[in-house]
Amino acid sequence: MKSNKQRPIGVFDSGVGGLTNVRALMERLPMENIVYFGDTARVPYGTKSRATIENFAMQIVDFLLEQEVKALVIACNTIAAVAGQKIRQQAGGMPVLDVISAGAQAALAATRNNRIGVIATNTTVNSNAYARAIHASNSEALVRTQATPLLVPLVEEGWLDHEVTRLTAREYLKPLLADNIDTLVLGCTHYPLLKPLISREASGVVLVDSAITTAESVAKALAEADLLNEGGGVPDYRFYVSDIPLRFRTIGERFLGRSMDQIEMVNLG
Ligand code: DGL
């Protein structure tokens, strides 16, 4: 039986993109055990309705609670945007961290002119979740959101430095740059991989990588709850998915930045 501190952190996403969060967690908290769930059979969530996403999210949380996790990380912006509250209820008192709260705080800390841009999926943009999270701390801030759904398949294709991606990003960023934003939240699991390209297209704008800021807030929450794993030994990383599609390992390892050893398929539906 594992002590509370040795129990894994549960990280989940609609698919493979949440591995950017796992990567940031591995770097920030190298002693922690991690269980990841990616709903690869039902991705994308970014175009689905609130009710469907809530329903899927509840199934994932139940699965992770069965794995005896000590904290939950909602790595998917779309899930955090529409199901964050339900997930927190389901999780009881356990720490639940999410990319939107962390990204909103990091954007507020970074902006100098109070003009913040957010790029995300359609569902995240329609939910207005980033603007609400930012305005809860600073009602004066101007928040400009832009749905950028085409960037998701371009990243999965590996076109991280491709002319098509550059032109797509340039077109999407036009209205945000015209609004003089000085900070841009990469509000989707996939976008941190486009950081070099986006920073060239939006030079002078600070990019907020929600994977890094979320890892920071996980570290803080675990320390406050006295749940940091201090024991030595090699950490255990387990990856669960609802389907193993073609090229899953190749794409996953691109997001994770290292090899994925234990991948298992589970059926939640
Ligand atoms: N993980 C999703 C997000 O961060 C992007 C992919 C999807 O649409 O499911 O919003």
- Note on the structure: Just one listed residue, out of Gly15, Gly10, is modelled with pLDDT under 95, surrounded by 18 or more Cβ atoms within 10 Å (Cβ to Cβ) and either in a loop (DSSP other than H, G, I, E, B) or away from the ligand (no atom under 12 Å from the Cβ) (or both), and it is Gly15
- Filtered residues of region 129-140 (kept if in a loop (DSSP other than H, G, I, E, B) and exposed (fewer than 14 other Cβ atoms within 10 Å of the Cβ)): Ser139, Glu140
- Residues in region 75-98: is at least one in a helix (DSSP H, G or I), over 25 Å from Phe239 (Cα atoms) and in contact with a strand residue (DSSP E or B) (Cβ under 9 Å, 6 or more places away or on another chain)? no
- Message: within 15 Å of the ligand (Cβ to nearest atom) and either more than 21 Å from the chain's Cα centre (by Cα) or modelled with pLDDT of 95 or more (or both): which single residue out of Leu177, Leu184, Leu173, Leu194 fits that description?
- Response: Leu194
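With respect to Thr250, determine if the residue is of a type outside the set (A, V, I, L, M), touching a strand residue (DSSP E or B) at 6+ places or on another chain (Cβ under 9 Å) and either in a helix (DSSP H, G or I) or more than 20 Å from Glu68 (Cβ to Cβ) (or both).
For Thr250, the condition - of a type outside the set (A, V, I, L, M), touching a strand residue (DSSP E or B) at 6+ places or on another chain (Cβ under 9 Å) and either in a helix (DSSP H, G or I) or more than 20 Å from Glu68 (Cβ to Cβ) (or both) - is not met.
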- Task: Report yes if some residue within region 183-199 is more than 22 Å from Asn77 (Cα to Cα) and part of a loop (DSSP other than H, G, I, E, B); otherwise report no.
- Result: no
- Based on what the data block shows, is Pro192 within 24 Å of Val82 (Cα to Cα), crowded, with 21+ Cβ neighbours inside 10 Å and not aliphatic (A, V, I, L, M)? yes
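To keep it simple, each residue is scored yes or no on (1) free of Cβ contacts under 8 Å to residues at least 60 places away in the same chain; (2) touching a Gly at 6+ places or on another chain (Cβ under 7 Å).
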| site | (1), (2) |
| --- | --- |
| Asn113 | no, no |
| Thr121 | no, yes |
| Tyr130 | yes, yes |
| Ser137 | yes, no |
| Leu142 | yes, no |
| Thr148 | yes, no |
| Leu151 | yes, no |
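The values are calculated or read from the model by the stated rules, or taken from the named source; none is laboratory data. These numbers come from a predicted model, not from an experiment. Don't worry about glycine lacking a Cβ; one is built from the backbone with ideal geometry, like all the others, and counts go over all protein chains shown.
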